[in-house]
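The values are calculated or read from the model by the stated rules, or taken from the named source; none is laboratory data. No experiment lies behind these values; they were computed from the predicted model shown. With ideal geometry, Cβ positions are generated from the backbone for all residues, glycine too; neighbour counts draw on all protein chains shown. Ligands, DNA and RNA are stripped out before the accessible areas are found, and what is left, the full protein with its side chains, is counted by its heavy atoms. Shrake-Rupley method; radii C 1.70, N 1.55, O 1.52, S 1.80 Å.
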Amino acid sequence: MSRTDARPLTLRDVSEASGVSEMTVSRVLRNRGDVSATTREKVLKAAKELGYVPNKIAGALASQRVNLVAVIIPSLSNMVFPEVMTGISQILEDTELQPVVGVTDYQPEKEERVLFEMLSWRPSGVIIAGLEHSDASRAILKASGIPVVEIMDVDGTPIDTCVGISHRRAGHEMAQAIIKGRYERIGFMGTKMPLDHRARKRFEGFTEALGKAGIEISEREFYSGGSALAKGREMTEAMLQRDPELDFLYYSNDMIGAGGLLYLMENGFSIPEQIGLAGFNGVELLQGLPRQLATMDSCRQEIGRKAAEIIAQRVETPDIMLDKRVELMPKISFGDTLKRR
């Protein structure tokens with residue numbers, strides 16, 4: 001079955017190699033029709049040995065759709081989104097659908113370009129991070145005529161369907177835990193939030209809950225760029241130099257929170273009695289730290305799985321009635337850095 005020419009393989013090549021008709025080969029490779037197990041095995045074996053991959057363009061022209069799901073996320077370097085992708089892949093691997101990824105770097109203009117290019121291939125569905133998009137992106141998604149699932153957030157109105165957590169609720173619940181711990185002088189560190197809408201919403205929920213208890217944030221610092229241990233150490237040191245009386249530090253994500261924790265431990269702070277701290281996301285990688293950072297799980301894999309389930313169900317049964325808003329409920333992990341009361 002060896003080939004030395006560079007021409008594309010065809011159904012005829014598989015037919016000749018397996019000794020069955022091209023129509024039977026087509027049925028086997030499309031998993032359609034009544035074909036015996038022996039014949040199916042013979043065809044699949046021949047296709048595998050030849051390295052044959054079906055050309056789905058013709059089928060796509062007929063159906064106006066390919067078996068791809070466009071997954072559009074802001075970052076691959078942020079540890080959150082690979083876990084979302086894991087959840088999506090876990091569900092889609094049992095279907096004919098395949099995820100393809102586009103990255104926007106939190107830039108609305110880049111999101112527009114990625115959407116335009118990916119939807120030009122006529123995928124079967126779209127999974128896209130966030131509820132905030134430019135007018136052009138919203139128009140593209142609304143006009144796509146395919147299932148659209150916005151993920152990670154439910155604080156807003158979805159174009160079609162959304163799956164995620166309420167970030168305002170998450171910020172609110174963390175503030176309540178801090179208040180119950182009787183912390184009063186609080187510093188906040190996080191990303192610059194005009195484009196990180198989910199961090200902004202957590203901050204809004206956080207400050208609102210503190211305000212109702214008569215507490216204002218004493219110090220705050222924002223940064224741009226990727227989340228990193230070094231950035232957390234740097235900001236924590238600078239903030240405590242400005243206000244040594246701070247008794248709690250809330251970080252917008254676990255990575256900078258872990259950097260802050262390492263700084264505090266190295267400098268002899270009593271945690272959580274003298275000073276408490278918490279992050280957000282529940283990153284498993286940080287479970288190896290000497291002390292467990294208080295955090296809140298953002299339900300990443302579950303969000304990915306649920307979004308993929310919705311796409312798969314809608315592709316299989318276009319008229320199926322599903323919830324437009326699926327809210328998951330994260331829980332606080334107190335770890336070793338937040339007092340329980």
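Quick notes
- Cα gyration tensor shape for region 78-142, rounded if a/c is under 1.5, else prolate or oblate: oblate
- Straight-line cross-link partners of LYS339 among the aspartates and glutamates, defined as a Cα under 15 Å from its Cα and at least 8 positions apart when in the same chain: GLU173, GLU184, ASP247, GLU273.
- For the pair SER21 and GLU284, label points projected 7 Å from Cα toward Cβ lie 5.0 nm apart.
- Fraction of antiparallel bridges per DSSP, the chain only, in percent to nearest 5: 5 percent
- For region 114-253: accessible area per residue (Å², 1.4 Å): 42 Å²
- Straight-line reach from LYS42: taking Cα to Cα under 19 Å and skipping same-chain neighbours fewer than 8 places apart, the aspartates and glutamates in range are ASP13, GLU16, GLU22, ASP34.
- Pairs beyond 25 Å (Cα-Cα), from LYS110/LYS201; LYS212/LYS324; LYS142/LYS331; LYS142/LYS192; LYS180/LYS201; LYS110/LYS142: LYS212/LYS324; LYS142/LYS331; LYS142/LYS192
- Ranked from largest to smallest solvent-accessible area, with a 1.4 Å probe on the protein heavy atoms, LYS231, LYS42, LYS192 come out as LYS192, LYS42, LYS231.
- Sequence-separation-based contact order of region 47-177, relative, with Cα cut under 8 Å and 6+ spacing, percent: 21 percent
- Sum of side-chain charges, VAL283 neighbourhood, beta-carbon under 13 Å (Lys, Arg +1; Asp, Glu -1): -3
- Environment charge at ARG40 (Cβ cut-off 14 Å; Lys +1, Arg +1, Asp -1, Glu -1): +4
- Rounded to the nearest 10 square angstrom, ASP105 shows an accessible area of 70 square angstrom against a 1.4 Å probe.
- Axis angle, to the nearest 10 degrees, between helix 80-92 and the longest C-alpha principal axis of the chain: 30 degrees.
- Share of carbon and sulfur in the accessible heavy-atom surface of the chain [1.4 Å probe, %]: 50 percent
- Length-normalised contact order for region 183-341 - Cα pairs under 8 Å, 6+ apart - percent: 21 percent
- Relative contact order [Cα under 8 Å, 6+ residues apart], region 282-341, whole percent: 53 percent
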